[in-house]
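K.L.:
Before I ask anything, here is the structure I am working with.
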Amino acid sequence: MEKDVKCYLGMDISKLWVDITLMRVIDHQKQAAASERFDNTEAGMKALDKWLGKHQVPFDDNSLLVVENTGVYHRQVWGYCSTHGLPLHIGNATHIKYSFGIARGKSDKLDSQRLCSYALKNAEELKATPVLNPVLLQLKDLMTARSRLLIQLNSIKQYLSELKRSNSKVVQQTLEQAHTAALEGIQASLKTVEEQIKRLIQQDAAIKNNYELLVSVPGIGHLTAVYILCCTNNFICKITGKQLASYAGVAPFGTSSGTSVKGRDKVHKMANKELKKLLHMGALSAIQHYEEFRAYYERKVKEGKHELAVLNAIRSKIALRAVAVINNQHKYVDNYKKAA
């Protein structure tokens with residue numbers, strides 16, 4: 001009779017190396033855990049592949065590797081798993097940390113053991129992360145580069161603006177001339193980055209299709225559409241509108257307990273602040289240019305709702321409609337205008 005073998009792996013990833021712990025479960029019986037450390041390089045991934053083969057880890061649904069989202073350090077592992085077909089779950093670091101409960105002591109090996117236990121306990125609920133998409137990865141890096149360039153550009157402009165109030169015209173002119181080359185260089189880099197973003201969107205048919213669907217939604221422009229595609233991995237995980245709104249921090253949640261705690265509904269502080277800012281700007285634009293949102297905003301304000309609460313409702317509506325056009329694979333239809 002063939003034995004039922006399941007493999008659960010937890011990996012703690014740092015800049016220079018990765019620590020991995022393997023727990024084999026044979027016929028529902030836990031085996032002794034095995035731990036090892038490898039370099040976080042291509043050579044290290046080759047050594048990891050040999051180690052997994054030595055321990056007879058199946059590269060199918062009978063295995064699950066759990067890692068925390070580290071930004072860029074887990075990309076080597078993500079690429080390896082995508083190439084070899086090893087199921088990988090990239091989890092939210094805060095969520096995983098709280099699931100440990102009261103944890104005493106910390107080390108790379110200990111963290112990998114805790115992640116292995118997390119994979120074993122939650123295997124039925126955890127979904128495998130989609131394979132690495134090189135185009136989306138480039139888009140994410142370009143969007144990050146654009147944000148950093150904008151910060152640098154605005155920082156220099158703000159610095160020169162503040163000095164203008166106290167400096168003489170001669171000194172101010174000297175400083176502005178000294179920063180001219182830097183400002184022009186950053187602006188040129190910004191233009192190059194934005195052109196590359198547009199070029200990448202046109203290269204991938206699936207990304208281009210979803211991008212065109214998103215920009216058809218009122219309040220979603222070019223940058224917001226690209227950012228949403230990057231955050232959702234081009235909607236490959238089939239998320240719901242409520243999940244996207246919650247991720248952006250625009251979905252209100254209730255606060256009540258028994259008879260004594262009756263708080264008002266409010267958004268959670270844990271959110272993607274950049275996406276929330278983009279949706280906020282989109283909501284302001286929608287109120288200004290679309291009759292449906294303008295009428296909704298004015299009606300709710302007259303009913304006594306706080307202006308920011310109404311604005312947040314519009315942000316949530318935009319997020320819900322963004323997911324709706326993707327799920328339906330149909331551009332947004334302005335029924336309000338159509339009815340009028």
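Coordinate-derived values only; no laboratory data. Only a predicted model underlies this, so the values are computations on that prediction, with no experimental measurement involved. Cβ sites come from the backbone with ideal geometry, for glycine too, and all protein chains shown count toward neighbours.
K.L.:
Take the Cα of residue 176, step 7 Å along the line toward its Cβ, and report every residue of the stretch 149-164 whose backbone nitrogen sits under 14 Å from that point.
P.N.:
Under cut-off, by backbone N: 157-164.
K.L.:
Now for a separate question. Ratio of the stretch 1-130's C-alpha Rg to 2.2 N^0.38 Å, to two decimals?
P.N.:
0.98
K.L.:
In addition: When we measure straight from the Cα of residue 164, which lysines land under 28 angstrom away, once same-chain ones fewer than 8 places off are left out?
P.N.:
Leaving aside lysines fewer than 8 places away in the same chain, those within reach of residue 164 are 191.
K.L.:
Would you calculate the separation in nanometres between label points at residue 274 and residue 291, each defined as 7 Å from the Cα along the Cα-to-beta-carbon direction?
P.N.:
It is 3.7 nm.
K.L.:
Tell me which trypsin sites (Lys or Arg not before Pro) from the stretch 87-171 have a DSSP coil assignment and no more than 12 other beta carbons within 10 Å of their own.
P.N.:
Of the trypsin sites (Lys or Arg not before Pro), the ones in loops of the stretch 87-171 whose Cβ has at most 12 other Cβ atoms within 10 Å are 104, 106, 127, 165.
K.L.:
Under unit Cβ charges (Lys, Arg +1; Asp, Glu -1), what dipole magnitude, rounded to 20 debye, does the chain have relative to its Cα centre?
P.N.:
1140
K.L.:
Calculate how many DSSP beta bridges within the chain are antiparallel, expressed in % of all such bridges and rounded to the nearest 5.
P.N.:
Roughly 70 percent of the beta bridges in the chain run antiparallel, per DSSP.
K.L.:
Across the stretch 134-203, what fraction of all alpha-carbon pairs, as a whole percent, falls in each successive 10 Å bin from zero upward?
P.N.:
19, 38, 23, 14, 6, 0
K.L.:
Counting only helical runs of four or more DSSP H residues, what would the 222 nm mean residue ellipticity of the chain come to if each run contributes -39,500 (n - 2.57) and the total is spread over all its residues? Provide the component values of the computation, followed by the final result.
P.N.:
Values: 13 runs with 194 residues, N = 340.
Only helices count here, giving -18500 deg cm²/dmol.
K.L.:
By how many nm would the segment from residue 158 to residue 266 grow when fully extended, if each residue of separation counts as 0.36 nm and the alpha-carbon distance is taken off? Walk me through the numbers before you get to the answer.
P.N.:
Details: separation 108, 0.36 × 108 = 38.88 nm, distance 3.40 nm.
The residue 158-residue 266 span can extend by a further 35.5 nm.
K.L.:
I've got another one for you. Determine the distance separating the Cα centre of the stretch 1-76 from the Cα centre of the stretch 153-199; give it in Å without decimals.
P.N.:
With the stretch 1-76 and the stretch 153-199 each reduced to a Cα centre, they are spaced 48 Å.
K.L.:
So what's the angle, to the nearest 10 degrees on a 0 to 90 scale, between helix 273-289 and the longest Cα principal axis of the chain?
P.N.:
Approximately 40 degrees, to the nearest ten.
K.L.:
Next question. Would you mind telling me the antiparallel percentage of the DSSP bridges in the stretch 5-121, rounded to 5?
P.N.:
Once the DSSP bridges in the stretch 5-121 are tallied, antiparallel ones form about 65 percent.
K.L.:
Expressed in nm to one decimal, what extension gain is obtained for the pair residue 307 and residue 62 from 0.36 nm per residue of sequence separation less their Cα-Cα distance?
P.N.:
The span from residue 307 to residue 62 would gain 83.0 nm if fully extended.
K.L.:
So how much slack lies between residue 50 and residue 28, counting 0.36 nm per residue of separation and subtracting their Cα-Cα distance, in nm? Mind showing how you got there, number by number?
P.N.:
Working: separation 22, 0.36 × 22 = 7.92 nm, distance 2.56 nm.
Full extension from residue 50 to residue 28 adds 5.4 nm.
K.L.:
Oh, and also: Using 29 Å as the Cα-Cα cut-off, could you pick out the over-long pairs in 198/300; 54/140; 273/300?
P.N.:
198/300; 54/140
K.L.:
Which value in Å does the Kirkwood hydrodynamic radius of the chain take, with 1/r averaged over all unlike C-alpha pairs and then inverted? Before the final figure, lay out the partial values.
P.N.:
On the way: mean 1/r = 0.0422 Å⁻¹.
With all distinct Cα pairs of the chain included, I get 23.7 Å.
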